[in-house]
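The values are calculated or read from the model by the stated rules, or taken from the named source; none is laboratory data. Keep in mind it's a predicted model, so treat the numbers as computed, not measured. As a convention, Cβ positions derive from the backbone with ideal geometry for all residues, glycine included, and neighbour counts pool all protein chains shown. These area figures cover heavy atoms from the full protein model, side chains too; ligands, DNA and RNA do not enter into them. Shrake-Rupley method; radii C 1.70, N 1.55, O 1.52, S 1.80 Å.
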Amino acid sequence: MVPWGLLARATRTVSQVHRLVTSTPERLSLPVLAALCDIFECTPADLIATKTENAAIRKVATGDAIVDLSPAIDDPGRRRLLELFATWHIQRRLHTLADRCPLTSKQIHQARNEIHLATAFLAHLAERGRTLADCTQADVDDWYAGGYTAQCLTLAFLRWAMRSNHMPTVTVPHRSTSNPTPLVQQQRLTLLRQVVDRDDIPLQDRVAAPLVLLYAQSLTRIARLTIDDVLREDGEVQIRLGDPPSPVPEPFAGMLLDYPGQRPNTMTATNPGARWLFPGRRAGQPMTSDTLEIRLRDLGFPTRRGRTSAIRHLVLRAPAPVVARMLSYHDDTTAQLAAEAEGTWRNYAPGDHTR
């Protein structure tokens with residue numbers, strides 16, 4: 001840990017000290033670097049660790065890749081606010097996501113939309129003769145009155161602006177869309193029956209659909225599955241979605257065993273040894289979640305509503321902690337769903353009950 005006092009003497013300003021201690025600075029001037037080397041009697045190589053990263057992943061997490069502000073923003077004040085929002089909210093979030101796995105096109109599209117709507121909101125204030133600093137509740141209400149669906153992505157900008165003291169505290173209309181109305185049980189069973197009976201549906205879609213409708217898996221998670229996650233032990237077919245693996249009932253077990261040898265995009269020169277359960281067209285990459293969603297939606301499988309219906313059904317049939325571990329859900333999520341459904345397992349205490 002670098003002492004605050006030494007850094008303060010070397011950098012002179014609190015902002016520089018904050019950046020050096022709490023995060024990776026965007027720029028480190030040569031005088032500051034030289035001062036640090038003098039203080040600690042070391043070389044620049046001792047202070048700065050270098051490492052190799054996937055440049056393609058990092059590139060999509062930069063502000064330039066999301067949106068170019070230069071032709072769109074004339075007002076320097078608004079431009080500065082958008083640059084701060086892109087740097088300290090958008091980029092930080094994308095960097096965090098990129099460290100876990102490659103960014104999806106949907107994540108990039110959402111980031112662009114958030115900046116686009118933040119730009120539009122500042123223009124809306126300018127038309128009313130206001131800046132973000134003197135924004136009122138009436139300004140926000142009028143903005144959302146123009147159409148909630150398109151403008152709900154402004155929520156991230158407004159929360160960031162209030163948290164950063166760039167605008168007064170206001171009440172932001174917010175309608176949760178994270179938990180859509182689930183399918184009724186009969187609808188879910190009808191869709192599963194179609195997976196079994198309809199031979200005109202490609203096998204890859206007949207494998208993907210039950211992962212949503214039976215195991216409540218997100219398309220992002222499904223896209224990252226490999227053929228190594230399909231297990232066969234003691235005559236039982238299992239799929240590794242969490243710990244322990246989940247059993248697969250017939251006839252879906254037979255489909256899952258037949259599928260690895262019939263996977264698409266494996267006969268090309270770029271993907272001969274692909275181990276992804278759903279290989280993509282790009283070398284070494286799985287099929288994107290967007291592609292899976294489009295395929296299932298075109299076949300009449302509502303993925304979000306189907307997933308919501310599946311997880312609610314599962315927490316009624318088994319203890320929430322068990323469901324969470326087997327399907328890689330967070331314990332709090334399944335516990336909340338179990339409480340909302342008033343399931344008989346909602347008071348289940350995990351642990352060894354044999355003692």
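The label-point distance for Asp234 and Arg112, in a model that sets each label 7 Å from Cα toward Cβ, rounds to 5.2 nm.
As a ratio to 2.2 N^0.38 Å, the alpha-carbon radius of gyration for segment 66-140 is 1.23. Here the spin labels are modelled as points 7 Å beyond Cα on the Cα-Cβ line, and at Gln262 and Thr333 they lie 3.1 nm apart.
With all protein chains present and a 1.4 Å probe, how do Cys135, Cys42 order by accessible area, largest first? Kindly include the intermediate steps, with their values, before the conclusion.
Working: Cys135 5, Cys42 35 Å².
The residues order as Cys42, Cys135, largest area first.
In segment 198-355, one over the average inverse separation of all distinct C-alpha pairs is 16.7 Å, which is the Kirkwood hydrodynamic radius. 3J(HN,Hα) couplings calculated from phi for segment 226-241 with the Karplus curve 6.51 cos²θ - 1.76 cosθ + 1.60 (θ = phi - 60°) are, in sequence order, 10, 5, 6, 7, 8, 10, 9, 10, 6, x, 9, 8, 10, 10, 8, 10 Hz; Gly and Pro show x. Near the amide H of Val237, within less than 5 Å, lie the amide hydrogens of Val248, all on another chain or at least 5 residues away, with H placed in the peptide plane.
Measuring between their Cα centroids, segment 153-173 and segment 225-296 lie 42 Å from each other. The solvent-accessible area of Glu250, taken with every protein chain present and a 1.4 Å probe, is close to 130 Å².
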